[in-house]
Amino acid sequence: MTEKFLLGVDIGTYSSKGVLVNAQNGEVVASHVIEHDLSMPHPRWVEHDADEVWWGEFVKISQTIISKQNIDPRTIVGVGVSGIGPCVLPVDEQGNPLRAGILYGIDTRSQKEIKQYEEAVGTEEIFQLSGSKLSSSSIGPKILWVKNNEPENYEHARWFLTSHSYIVYKLTGQATVDVYSGCSYAPLMDIEKIDWVDREMVGINPKTQLPKLIWSCEIAGVVTAEAASVSGLAEGTPVIAGAIDAAAEAISAGLAETGDMMMMFGSSNSLIVRTDHLVRTPHFWGLNWLVPETFAVVGGMATVGSLTRWFRDNFSPLELEQQQQGGENAYAALAQLLDESPLGSNGLTALPYFQGERTPFEDPDAKGVLFGLTLKHTRADVYRALLESVGYGVRHNIDVMRMDGVKPKRILGVGGATQNKAWMQIICNIANVKILIPKQQIGASYGDALMAGIGVGVYDNLDQIQKWIEYAEELSPDPDKHQQYTPHYEIYRELYENTKTLMGRLSSMVVSG
């Protein structure tokens, strides 16, 4: 019997990854990773070059995997793609990008546009349409920003796509976006009707410039002859609509049942909880999930792994640089610093808001803070304080989520930071939760491939593919350490409340200066 394969590719904040999966048993037979960086041309702006990073890296990954395995492209029966999001990319009638892609909530340029929507439409109507308040992660205000600040680009825009939907367009020639990502186009989508709002809103008509809404596992189209010639895929290969990377990562982690919660610890943090109905909450995003009649509540912290990257790049001692040059993992070497600082970081408390914050409060002006510094503090204390700040942020999100009536049954931890078990244990202790870590940390690209399998009929549903997800370990909280962390957490919570006004004043000084 001829083997059949599924290709999954994910475009991340700092890297892109693709996997080739055996459709019969879910085994990953090949993978390829490409690293890239962000562009931050102005304060509050965070961008990617869509052709170089999004489409360009998909092409390189596809070509490399096919050639590496020396397989007949016709044996790849389905393609799934995910990407960072919510992002915005205006393209013209021919699908050519009119500017760089505007990234998700870490890009906070559209604060004026959020207020413009709220004043014109009303916060309550927006909440009823979208299931959440507008935030720096909402695509509607980002589109309005293009209209207000780059009118020529807006006038020439045939569609406003997101990261993975641009790749799907390049592969198939079809302008689509999955329903889950469509919910992030707030306030331009009615999450009850699962359709674009059928009226003009502040000069934007969702029916004319937004792509077709379809479910994540639905086939958006097939690979065109032109796309086949550059990607190495066979012409006619089915391509599904895909999803934002966190959703695909959740599938790869085994999120399948109501009450399952995924925490993705990447450069940022995403929280996704399956719910049995559409939840409206002012603190998170209540969304339609990946297939009909499924729902989720979503949140996320703006900076997680980015904190350790920042620390590595700016505060790594010479010995760490030498270890890295010698082939050793700099992050593994950094992790050893935890042994040099006690619980509570010798009284040092950090706020992790290095790129603003998304949930459980929306504040693009929030700033990172190191509070309590004395001459006795060391580099190890700073490092531990940064890791503990993520634990405090996770606890803050879970506490508010429970207040809103959403109660996770089990938490699935995924992403690069889960390799640092000591860090995961710190989060367990602070948040007083158990974390299951999947045995295979393949990521969103694996979820993409599995969703493609559903789209082409290899699998019946999402539940069927969970049999391949195994868990390496379950971390449990230490009750005593949880109690010890509680007063530090209280300082963390009060620290933001007592400094947020100053943060806003500082932001206005930086932007204007």
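Worth a mention:
- Exclusive hit being more than 21 Å from ILE398 (Cβ to Cβ) and either at pLDDT 95 or above or assigned to a strand (DSSP E or B) (or both), set LEU233, LEU271: LEU233
- Filtering segment 385-410 to residues that are farther than 30 Å from LYS115 by Cβ, assigned to a helix (DSSP H, G or I) and open to solvent by 30 Å² or more (accessible area, probe 1.4 Å) leaves ARG395, ARG402.
- Some residue of segment 200-221 being of a type outside the set (S, T, N, Q), in contact with a Pro (Cβ under 8 Å, 6 or more places away or on another chain), part of a helix (DSSP H, G or I) and within 17 Å of LEU89 (Cα to Cα): no
- Restricting attention to segment 311-341, the residues being part of a loop (DSSP other than H, G, I, E, B), at pLDDT below 60 and within 31 Å of the chain's Cα centre (by Cα) number 2.
- Pairing residues of segment 387-410 that are within 15 Å of THR275 (Cβ to Cβ) with residues that are among the hydroxyl-bearing types (Ser, Thr, Tyr), at Cβ distances under 9 Å and at least 6 apart in sequence or on separate chains, gives MET401/THR281; MET401/THR359; ASP404/THR281; GLY405/THR281; VAL406/THR275; VAL406/THR281; LYS409/THR258.
- Among the residues of this structure, VAL59 does not count as one that is touching a strand residue (DSSP E or B) at 6+ places or on another chain (Cβ under 6 Å), at negative phi and not hydroxyl-bearing (Ser, Thr, Tyr).
- None of SER110, SER136, SER130 is under 18 Å from ASP178 (Cβ atoms) and either among the basic types (Lys, Arg) or in contact with a Ser or Thr (Cβ under 9 Å, 6 or more places away or on another chain) (or both) except SER130.
- Answer residue from segment 490-510, given it is more than 18 Å from PRO364 (Cβ to Cβ) and under 26 Å from the mean Cα position of the chain (by Cα) and is least open to solvent (accessible area, probe 1.4 Å) among those: TYR492
- Residue check for ALA186: touching a residue at least 24 places away in the same chain (Cβ under 8 Å), more than 25 Å from TRP55 (Cβ to Cβ), open to solvent by less than 10 Å² (accessible area, probe 1.4 Å) and among the small types (Gly, Ala, Ser): yes
- Checking TYR180 against (1) open to solvent by 20 Å² or more (accessible area, probe 1.4 Å); (2) among the aromatic types (Phe, Trp, Tyr); (3) within 25 Å of THR108 (Cβ to Cβ), the condition it does not meet: (1)
- Given (1) at pLDDT 95 or above; (2) touching a Gly at 6+ places or on another chain (Cβ under 8 Å), index of the condition ASN498 fails: (2)
- Total residues in segment 222-232, condition open to solvent by 10 Å² or more (accessible area, probe 1.4 Å), at negative phi and either in contact with a strand residue (DSSP E or B) (Cβ under 6 Å, 6 or more places away or on another chain) or not acidic (Asp, Glu) (or both): 6
- Test for VAL177: is it touching a strand residue (DSSP E or B) at 6+ places or on another chain (Cβ under 7 Å) and among the aliphatic types (A, V, I, L, M): yes
- Filter pass, SER216 being modelled with pLDDT of 95 or more, of a type in the set (Ser, Thr, Tyr), buried (at least 18 other Cβ atoms within 10 Å of the Cβ) and farther than 13 Å from GLN174 by Cβ: yes
- Qualifying residue in segment 4-22 (condition: modelled with pLDDT of 95 or more, open to solvent by 10 Å² or more (accessible area, probe 1.4 Å), closer than 25 Å to MET264 by Cβ and among the hydrophobic types (A, V, I, L, M, F, W, C)): no
- Count of residues meeting criterion [more than 19 Å from ARG44 (Cβ to Cβ), open to solvent by less than 10 Å² (accessible area, probe 1.4 Å) and part of a loop (DSSP other than H, G, I, E, B)] in segment 342-372: 2
- Count - residues of segment 233-249 that are within 16 Å of the chain's Cα centre (by Cα) and either farther than 19 Å from SER16 by Cβ or among the acidic types (Asp, Glu) (or both): 2
- Residue count for segment 150-179 under the criterion of being under 18 Å from ASP49 (Cβ atoms), of a type in the set (Gly, Ala, Ser) and either free of Cβ contacts under 8 Å to residues at least 12 places away in the same chain or in contact with a Ser or Thr (Cβ under 7 Å, 6 or more places away or on another chain) (or both): the result is 1.
- The residue of segment 464-488 that is most open to solvent (accessible area, probe 1.4 Å), among those that are of a type in the set (Asp, Glu) and closer than 23 Å to ALA350 by Cα, is ASP480.
The values are calculated or read from the model by the stated rules, or taken from the named source; none is laboratory data. Note that this is a predicted model, so its numbers are computed, not measured. Every residue, glycine as well, gets a Cβ built from its backbone with ideal geometry; the counts of neighbours run over all protein chains shown. Accessible surface is based on the protein model in full, side chains and every heavy atom, while ligands, DNA and RNA are left aside. Shrake-Rupley method; radii C 1.70, N 1.55, O 1.52, S 1.80 Å.
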